[in-house]
Structure formats: C-alpha cells, structure tokens
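Throughout, read-outs are computed from the coordinates displayed, never taken from laboratory work. Treat the numbers as computed from the prediction; the structure is a model and nothing was measured. We place every Cβ from the backbone using ideal geometry, glycine too, and count neighbours over all the protein chains shown.
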Amino acid sequence: MKSVKTFLLGVVLLGLTIGVGAVHGKLIGRWGPAPDVAQGAELLERLPGQIGEWKQAGKDQGIAPEAARMLQCFGNVVRVYENVRTGERVSIAIILGPAGPTSVHTPEICYSSRDYQIRHDREVWSPSGEGEEATDTFWQLLLTKNDVSETPLRVIYGWADHKHWKAAEYPRFEYGGRGYLYKLQLAGPGVVEGSPQDACGEFLTALLPVLRDHMIDR
C-alpha cells in the first residue's frame, strides 16, 4: 500500500511540475510565439516608412542578436525617421515579446552604460497635452553626454498590452501573466527653450494612430 501511495504522490508531483513548466514556458515564449502573436509580429514589422511628415531614414536596423535573445522578442521595429520639412530626426524601437523580459529593461539602465547622465528623474508625459484626457501616457527622460555640452537627448518610453500605452510604475508586476507585451522607446532632441519645435512629441502624435493599426488587441 505504501508503494502505491508513493507512486501516486510521484505522479501528482510530476503532473504539477509539468504544468508549472508549461505555464512558465508559455509566458516566456519558450516554444515560440502563439499564432496570434506571430501574426502580431508580422503586422508590427509592416509599420509604414512614411508617417505624416516623417519619412524613414535608411534601412530597418533591428535589435542586436544578443539583445533579441535576452528580450526573447517575437517581433521588433528599430528605425530612424526624419521630418521632411524640418530635417529633425528621431529613433524608435518597438518590441513585441513575452511580458517578463519586455517589462524589465528600461533606458535608464541602457543609456547609463553609454556615457549618458540623467538630468532629472523621469516624469509622466502624454502626447495629448496638459488639461486633456490622457489616453496614452509615457515616461520621459532628459539625458546629456558625460563629456559633451549639447542639446539634451529626450527619451520617451512606455508599455502596452492592448492599443493604449502606459507609463507603468511597476510593469513587471502590472503585466505579469500576460501572453505578450509591447514596449515603445523613442529618442530625439530635447525641447530647446524658446523653440516651438518638439520633434519627439510631433512624431509620437503622428505615430500612435498609425501604430494602433499594426498592433493586436487580444
């Protein structure tokens, strides 16, 4: 009788182990993206090269292979866009991947390893402006090179598990358990005092309605 109980206990433990492993594997994309997420990756990568006054400058850059492995991303778009009227340029990186790896990497970590200093703590920013309902919110940072006096670099980033973006305080916990997660990161010139130009804000305002048509919402 004891051997039977031991055998049954072993079967239960094995079943639990397989079940937990299967769930974890699904969450991190161990066995590849689900069909809808694979379709989402293809849809994202068809983001147009012309968005309003902004035209893609050069070819798609893509994420470096080591970064792609670390993020386990299903699809990504890494490009530079140039305003055909003003000549200003912004760079974007949009990632679709498992919620865990996609939620934990922030530009504060990335840029600090590339001789940049953060001028002040991140703050929430919305392209809809102050006093309006913010359907999309992002974090924004201003950085400067450690050894160069120049226009600050403005970095804007946020996450989405549907078609609206959020400056999540704790994205790893907020999006934990999701089958997929988007991350958008934009970099461009900071707003110069006295200048009406806001390259990052103008581009993002033009990008978001177009990008929604290239995202899945399930």
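For the range 117-125, 3J(HN,Hα) computed residue by residue from phi via the Karplus equation (6.51, -1.76, 1.60; θ = phi - 60°) reads 10, 7, 6, 7, 4, 4, 9, 6, 9 Hz, glycine and proline entered as x.
For the range 33-212, the average shadow cast by the Cα convex hull is 10.8 nm², which is a quarter of the hull's surface. Rounded to whole numbers, the Karplus 3J(HN,Hα) couplings from phi for the range 71-84 are 7, 6, 6, 7, x, 7, 10, 10, 9, 10, 10, 10, 6, 5 Hz, using 6.51 cos²θ - 1.76 cosθ + 1.60 with θ = phi - 60°, and x at Gly and Pro.
Sorted ascending by nearby beta carbons within 10 Å, beginning with the fewest, LYS163, LYS59, LYS145, LYS183 become LYS59, LYS145, LYS163, LYS183. The share of Cα pairs per 10 Å bin across the range 44-96, counted from zero up to the longest distance, runs 24, 49, 22, 5 percent.
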